[in-house]
1. Determine if region 125-145 includes at least one residue that is aliphatic (A, V, I, L, M) and either closer than 30 Å to Gly210 by Cβ or assigned to a strand (DSSP E or B) (or both).
2. Please list, ordered by first then second residue, the pairs with beta carbon atoms under 8 Å, 6 or more apart or interchain, first in region 309-322 and surrounded by fewer than 13 Cβ atoms within 10 Å (Cβ to Cβ), second β-branched (Val, Ile, Thr).
3. Report whether or not Ser141 is of a type in the set (Ser, Thr, Tyr), exposed (fewer than 14 other Cβ atoms within 10 Å of the Cβ) and out of contact with any Ser or Thr (no Cβ under 8 Å at 6 or more places or on another chain).
4. What is the residue count in region 146-162 for residues that are open to solvent by 20 Å² or more (accessible area, probe 1.4 Å) and either outside any helix (DSSP H, G or I) or without any contact (Cβ under 8 Å) to a residue 24 or more places away in the chain (or both)?
5. Restricting to region 85-114, name every residue that is assigned to a strand (DSSP E or B) and surrounded by 18 or more Cβ atoms within 10 Å (Cβ to Cβ).
6. Do you know which residues across region 287-302 are among the polar types (S, T, N, Q) and either over 20 Å from Thr20 (Cβ atoms) or surrounded by fewer than 16 Cβ atoms within 10 Å (Cβ to Cβ) (or both)?
7. Here are Leu116, Leu128, Leu135: which of them is more than 21 Å from the chain's Cα centre (by Cα) and under 17 Å from Thr177 (Cα atoms)?
Amino acid sequence: MEQRHLGRTGLRVSRIGLGTLTWGRDTDEHDAADQLKAFWEAGGTLVDTADVYGGGEAEYLLGQLVEGLVPRRDLVIATKAGSVPDPDRRFDGSRGHLLAALDASLERLGTDYVDLWQVHAFDPGTPLEETLQALDIAVASGRARYAGVSNFCGWQLAKAATWQLAAPGVRTRLASTQMEYSLLQRGVEREVLPAALDLGVGLLPSSPLGRGVLTGKYRHATPADSRGASEQLAPFVEPYLDETASSIVDAVATAADGLAATALQVALAWVRDRPGVVAPIVGARNAQQLAAALSVETLSLPDEICQALDDVSAPVHRYPDQDWSTL
């Protein structure tokens, strides 16, 4: 699998990442082991997790599989901290919470360091410089090799990345930002992606298949074994089952037919090769689903197909995103 630099850093990662959102909850140890082995054998390196996935079980499960199944040195392990199960506070970006969460993650993962440590979301209740100092401490102490953020909007990312660049050698530059990005969700193109490109921050798209909808599995009905049919994840899928999404999915299916490919391959190749994108994070229920995603490695979309998909899924960008002369 092709390797790409993560932002303006020396860290290289596979251009498809393996997500572990369902590990320890819907994906048991056997399916997780099959996925990790298949991913590694395909040349994949980037494995993405978080301290809240499966209530910590995803990290623990990954830690159990590393070394016994896949050499630690062959993986780029990325995890996140900051989300909290508190009805009054969804995110805690305080230095104390983040560093304690990192120590707990390292213990579950059974490793001395993570390759990429990310703040899971912006915390308006904590000064941003305090949150970012936790990243500096983590890297300086060797507990993290690189640092990034997740779910930061445009101004938040620009402020954070610029702050980190203001004192080179003292602060750790942001390597990445993880955001939802697909043909069904192109909101990052307004401000996040331009900021990331300008500041040398690599984009790691989550839900690159539109929460599974872009595979076409929901075109005619909701499969009984799909996320859309599960009590826990149905509300997650439902927003992408409207008429607008349906027309985009139809266009993806048409493109797939013309290329003798699958809708999954077309949708994933589109986001993988967008400017600024480093590695879409793909979550799968089992190794067979993962293999279908990994098969995209040999596919590059023709320019005319990319343009057609761009047109059918184009978000409305007006003032102040467009040139004032066009208003």
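1. Checked region 125-145: at least one residue is aliphatic (A, V, I, L, M) and either closer than 30 Å to Gly210 by Cβ or assigned to a strand (DSSP E or B) (or both).
2. Listed by first residue and then by second, the contacts come to nothing, as the list is empty.
3. It is true that Ser141 is of a type in the set (Ser, Thr, Tyr), exposed (fewer than 14 other Cβ atoms within 10 Å of the Cβ) and out of contact with any Ser or Thr (no Cβ under 8 Å at 6 or more places or on another chain).
4. The qualifying residues number 3.
5. Of everything in region 85-114, those that are assigned to a strand (DSSP E or B) and surrounded by 18 or more Cβ atoms within 10 Å (Cβ to Cβ) turn out to be Phe91, Val114.
6. Correct list: Gln288, Ser295, Thr298, Ser300.
7. After ruling out the rest, the residue left standing is Leu128.
One line per residue, one yes/no per condition, for (1) closer than 20 Å to Arg12 by Cα; (2) of a type outside the set (D, E, K, R):
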{"position": "Ala263", "(1), (2)": "no, yes"}
{"position": "Asp273", "(1), (2)": "yes, no"}
{"position": "Gly276", "(1), (2)": "yes, yes"}
{"position": "Val282", "(1), (2)": "yes, yes"}
{"position": "Leu294", "(1), (2)": "yes, yes"}
{"position": "Asp303", "(1), (2)": "no, no"}
{"position": "Asp311", "(1), (2)": "no, no"}
{"position": "Val316", "(1), (2)": "no, yes"}
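The values are calculated or read from the model by the stated rules, or taken from the named source; none is laboratory data. On a predicted model such as this, the values are computed, not experimentally measured, just so you know. Note: ideal-geometry Cβ built from the backbone for every residue, glycine included; neighbour counts use all protein chains shown. Accessible surface is based on the protein model in full, side chains and every heavy atom, while ligands, DNA and RNA are left aside. Shrake-Rupley method; radii C 1.70, N 1.55, O 1.52, S 1.80 Å.
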